[in-house]
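These notes concern the structure reproduced below.
The values are calculated or read from the model by the stated rules, or taken from the named source; none is laboratory data. Quick caveat, the model's predicted, so the values are computed rather than measured. Cβ placement follows ideal geometry from the backbone for every residue including glycine, while neighbour counts extend to all protein chains displayed. Quick note on the areas: whole protein, heavy atoms, side chains included, nothing else; ligands and nucleic acids left out. Shrake-Rupley method; radii C 1.70, N 1.55, O 1.52, S 1.80 Å.
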Amino acid sequence: SLVLQAVFNVLIPDHHADAFSPPRLGSPGPWDALVERLLGGLGRWDAEHFLFIAERGYLFEHNCAFLPLFPLSLRALACLWPPQLQPRSRLLLSAALLNSLLSVLAAAALYGLGRAVLRRRGEAFLAALLFSLSPASVFMAAAYSESMFAFLAFSAMWQLEKGQSWLSGLLFSLASGARANGLINAGFFLYSRGKRFALQLQVGSASVRKLPLMWKQVLSLACSAALMCAGIFLPFALFQYYAYVRFCGPGTGLDQTVPEPLLQLARDKGYRVAGMDGAKPPWCSQRFPVVYSYIQDTYWNVGFLRYFELRQIPNFLLALPVTLLGSWAAWTYVSTNPRHCLTVGLERSKSEEKGKPRDGFCGPAAFVYVFHATALLAFGFSCMHVQVLTRFLGSSSPILYWFPAHLLQEHEPLLWSTGTENPTSGKPLLSKSPSSCGKGTPDNLVVRLLLNWRLITPLSKSILGFFLCYWLLGLILHCNFFPWT
């Protein structure tokens with residue numbers, strides 16, 4: 001991805017987009033020009049906000065839509081590079097290094113989570129391979145917070161599955177300092193605690209269900225859940241307080257220290273600058289002053305059904321593949337486990353009572369993840385700029401990778417191999433792909449399918465085609481300031 005974005009950035013001229021693009025201050029040297037030529041594609045669209053925040057802090061009000069964990073990490077890493085480089089060059093290098101590492105760690109965390117939930121090692125590994133070819137790959141490489149959020153969220157889910165509640169809570173809390181949708185992850189804790197209590201009531205003895213002891217358990221459950229949720233919400237709440245102090249407090253004369261080109265940009269674009277005297281923003285007088293929702297509403301017109309306009313049809317088409325995939329995943333799970341879904345997974349299934357719960361994507365353990373993905377899909381489709389659904393789900397939900405892996409394992413004969421999880425079809429299994437890559441070469445399942453493209457099923461071609469096309473088109477379009485997801 002890094003190599004291809006550099007090639008496309010050189011070959012294709014940048015589109016002049018109406019996006020946040022602060023003036024470059026200082027005199028770039030030859031090394032800065034080289035860094036910009038090689039990694040400039042990583043600094044497009046919202047990446048300009050992250051790089052600007054990492055360099056100058058939250059100077060403009062609309063910068064506060066981007067939470068601080070990722071830009072703070074870039075600023076810390078920028079100290080590793082020679083001071084002769086301009087700040088932007090050091091930050092681009094930091095973004096390339098950090099996101100390369102975090103995307104690999106996110107894939108590893110997804111693999112561990114898949115093994116814990118799906119209990120099918122091959123399916124979990126295939127999902128991790130698909131993550132490495134994610135349709136949101138360009139955002140995993142660019143100076144965006146997607147890789148960081150995916151690593152933290154998948155790691156937290158994995159630790160929660162292993163029973164490491166406090167470590168999971170810490171990781172979820174950090175995730176909410178990287179992206180606002182990390183707040184929704186508090187639902188995993190609430191569900192985990194509620195399900196544990198419900199199952200205890202179903203299998204416990206009569207003494208366990210006595211009223212005083214039950215109330216004691218309920219109180220303990222409520223206290224631990226409230227404490228964990230408060231920890232998850234804390235980074236977001238602290239940042240809202242920081243924004244209130246910075247933009248709603250008395251003016252500090254900060255405009256005297258801001259370079260004139262940035263002040264001129266603020267005057268031209270109507271940006272509100274921190275620390276300047278004048279009328280306070282409307283959100284400052286709200287009972288609960290939350291700058292994040294105000295910015296989404298005022299600057300980007302984000303709201304329920306606001307994006308449902310004829311001129312937005314191309315953006316809905318961009319989001320169509322991931323919308324269909326997420327809807328198909330939800331329908332497959334619900335149609336396979338109707339009773340389990342109606343009881344919200346709080347009733348023990350017959351397979352669980354026998355001690356052999358069903359594994360794989362349609363197993364009971366995947367319910368909360370399917371519900372989470374479906375809720376994100378519904379919210380994103382109705383309340384957000386719909387084209388961001390691909391990266392929104394690609395960095396937040398393992399279902400975007402588990403379900404395609406499930407489909408490939410179930411319906412692609414080239415993946416049926418002796419000794420692995422036997423699909424329900426029970427057909428003869430193949431151990432190797434027809435095209436041999438040489439002895440001693442690891443059998444990468446995605447590579448096997450790509451090398452035998454003409455032999456794979458239309459379903460496999462559709463899944464891999466979606467992943468490959470969005471991976472490649474993202475590098476071509478996004479890295480040259482063309483509209484993308």
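Remarks
- Computed packing ranks the peptides 75-86, 226-237 as 226-237, 75-86, most packed first, by mean other Cβ atoms within 10 Å.
- Once C-alpha pairs closer than 8 Å and six or more residues apart are averaged by separation and normalised to the residue number of region 131-200, the relative contact order reads 23 percent.
- Once C-alpha pairs closer than 8 Å and six or more residues apart are averaged by separation and normalised to the residue number of region 100-144, the relative contact order reads 41 percent.
- Simple spin-label estimate for residue 222 and residue 320 in nanometres, 7 Å along Cα-Cβ: 5.0
- Each Lys and Arg contributes +1 and each Asp and Glu -1, all at the Cβ; summed about the Cα centre of the chain, the dipole is approximately 1540 debye.
- The Cβ shell under 10 Å around residue 134 holds other residues with a net charge of 0, Lys and Arg each +1, Asp and Glu each -1.
- Between region 32-87 and region 180-198, the alpha-carbon center distance in angstrom: 33
- Atom-type composition of the exposed protein surface of the chain places 66 percent of the accessible area on carbon and sulfur (1.4 angstrom probe).
- Estimated FRET transfer efficiency when R0 is 25 angstrom, pair residue 119-residue 341 (beta carbons, to 0.05): 0.80
- FRET efficiency, 1/(1 + (r/R0)^6) with R0 30 Å, evaluated for residue 19 and residue 260 via beta carbons: 0.85
- Helical segments meeting 30 Å axial Cα length and Kyte-Doolittle -1.0 threshold in the chain (DSSP H): 87-117, 211-248, 313-336
- Take 476-482, 153-159, 380-386 and order them by the average number of nearby Cβ atoms within 10 Å per residue, most first; the result is 153-159, 476-482, 380-386.
- Highest mean first, the peptides 169-182, 394-407, 319-332 sorted by other C-beta atoms within 10 Å per residue fall in the order 394-407, 169-182, 319-332.
- Calculated [θ] (222 nm, deg cm²/dmol) that DSSP helices of n ≥ 4 give over the chain, each run adding -39,500 (n - 2.57): -19000 deg cm²/dmol
- Here the label points at residue 215 and residue 12, each 7 Å from Cα along the C-beta direction, are separated by 6.6 nm in the simple model.
- Projecting label points 7 angstrom from Cα along Cα→Cβ for residue 443 and residue 162 puts them 2.8 nm apart.
- Cα gyration tensor, region 18-159 - rounded (a/c under 1.5), prolate or oblate: prolate
- Shape call, the chain: gyration tensor on alpha carbons, a/c limit 1.5: oblate
- Unit Cα scatterers, Debye sum, region 97-185: log10 I(q)/I(0) for q = 0.14, 0.17, 0.26 Å⁻¹: -0.46, -0.68, -1.28
- Filtered trypsin sites (Lys or Arg not before Pro), region 251-321: DSSP coil and at most 10 other beta carbons within 10 Å: 287
- Relative contact order (%) - region 88-233, alpha-carbon pairs under 8 angstrom, separation at least six: 21
- Between the residues 453, 261, 125, the greatest Cα displacement towards the positive end of the dipole of the chain, with unit charges on the Cβ of Lys, Arg, Asp and Glu, is found for 125.
- Selection among 241, 168, 379 by position relative to the dipole of the chain gives 168 as farthest towards the positive end (Cβ unit charges, Cα centre).
- Taking Lys and Arg as +1 and Asp and Glu as -1, the other residues whose beta-carbon sits under 13 Å from that of residue 94 total +2.
- Accessible surface, per residue, of the chain when the full set of protein chains is kept, probe 1.4 Å, Å²: 47
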